[in-house]
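In what follows, a single structure is set out as structure tokens and then discussed.
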Amino acid sequence: LSKLPGVLGRSATISKARTPLTQPVSNTLYVLDKLRPFPGGFCYTADMDIILVAIFGLVVGSFLNVVVLRMHAGRDYKRGRSACPHCGHELSASELVPVFSWLIQRGRCKHCGKAISIQYPIVELITAGLFLGAYLTQPLFSLADYLVLAMWFYIIGSLVVLAVYDLRWYLLPDKILIPVIIPATAILLAETLVFRHISSIWHPFLAALAFGGAFYAIAAVSRGKWMGGGDIKLAFVMGLLLGLQKTALAMLLAFCTAALVGGLLILLGRKTRKDFIPFGPFLIGGTLVAYLYGTPIIHWYLNISGLNLL
């Protein structure tokens, strides 16, 4: 067991067991170890790190809302203060507190009284939850591990933006999607350098080419009716991020949930068979589930199917 110093000088006891950087440990014992209480009743990681990561996720989620809306409007999301989308009144600091400002104002602008989309708190909470999931499942033993976690935070934020944008406007913007390739490749290179396994890099690239190529074939056969260009690029990125097994799991989850949701919308009369349903959010949801919980899900399936005995 090793001691990992924390920001306040306390330490958390963590096992030295290592797993590949691209395969975070969704392991109950590992997570419980991060939540281990210390003498005096103070649980360092639970009381401090988790709270800080959650707050950071809420703040980032608030920024992601700005990115989505300003990018669609063709505005610079890096400059200018936030304002009410209806009356244009610039928001004060008290009106910009993630989730809480929306709840306190009952989902309405303090100045014009018009409704503010529930998208804001939902995106903030989802981002915070995903950041917490990444923090709890990513082994953190060295500076390199923290850098990998930071890159995953960037990737998660980009995927959230893509999911919301595609859900609202049926488009996966290249300016958000393409840059994800950079941290994905960086993680693969770090994996290869640390563990010196060439398979750490060529397996994910094989997955990217296989699934991206399959989506391209579907788009070509359907002449773009079944699959868009953004979905092809997203499938390629998924392969880089997850590798063969986890990308297959993510695809299975995406197709199954899309079929269920689409069927339900048709039954409720919200959609017809001729209507389009954005597939990007389902692919992104499958990607995030596979990233956080792919290892235990695959092991569970192999155990119940008996394939692990072959």
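The values are calculated or read from the model by the stated rules, or taken from the named source; none is laboratory data. This one's a predicted model, so the numbers in the text were calculated from it and none came from an experiment. Don't worry about glycine lacking a Cβ; one is built from the backbone with ideal geometry, like all the others, and counts go over all protein chains shown.
Structure notes:
- In the set G286, G306, only one residue is of a type outside the set (S, T, Y) and within 21 Å of G239 (Cα to Cα); that residue is G286.
- Condition met for M227 (surrounded by 14 or more Cβ atoms within 10 Å (Cβ to Cβ) and either basic (K, R) or assigned to a helix (DSSP H, G or I) (or both)): no
- I284 vs. criteria in a helix (DSSP H, G or I) and exposed (fewer than 11 other Cβ atoms within 10 Å of the Cβ): no
- A214 being part of a helix (DSSP H, G or I), without any contact (Cβ under 8 Å) to a residue 24 or more places away in the chain, over 22 Å from I156 (Cβ atoms) and among the small types (G, A, S): yes
- Flag: L125 matches the condition of being outside any loop (DSSP other than H, G, I, E, B) and under 23 Å from the mean Cα position of the chain (by Cα).
- I182, sole failed condition from (1) at pLDDT 95 or above; (2) surrounded by 14 or more Cβ atoms within 10 Å (Cβ to Cβ); (3) among the hydrophobic types (A, V, I, L, M, F, W, C): (2)
- Residue in region 39-57 that is modelled with pLDDT of 85 or more, outside any helix (DSSP H, G or I) and either of a type in the set (S, T, Y) or on the phi < 0 side of the Ramachandran plot (or both) present: no
- Qualifying residue in region 212-229 (condition: among the basic types (K, R) and over 18 Å from the mean Cα position of the chain (by Cα)): yes
- Region 95-152, residues that are surrounded by fewer than 18 Cβ atoms within 10 Å (Cβ to Cβ), among the small types (G, A, S) and under 17 Å from Y291 (Cα atoms): G129, A150
- Residue among V289, V237 that is of a type in the set (A, V, I, L, M) and within 22 Å of A217 (Cα to Cα): V237
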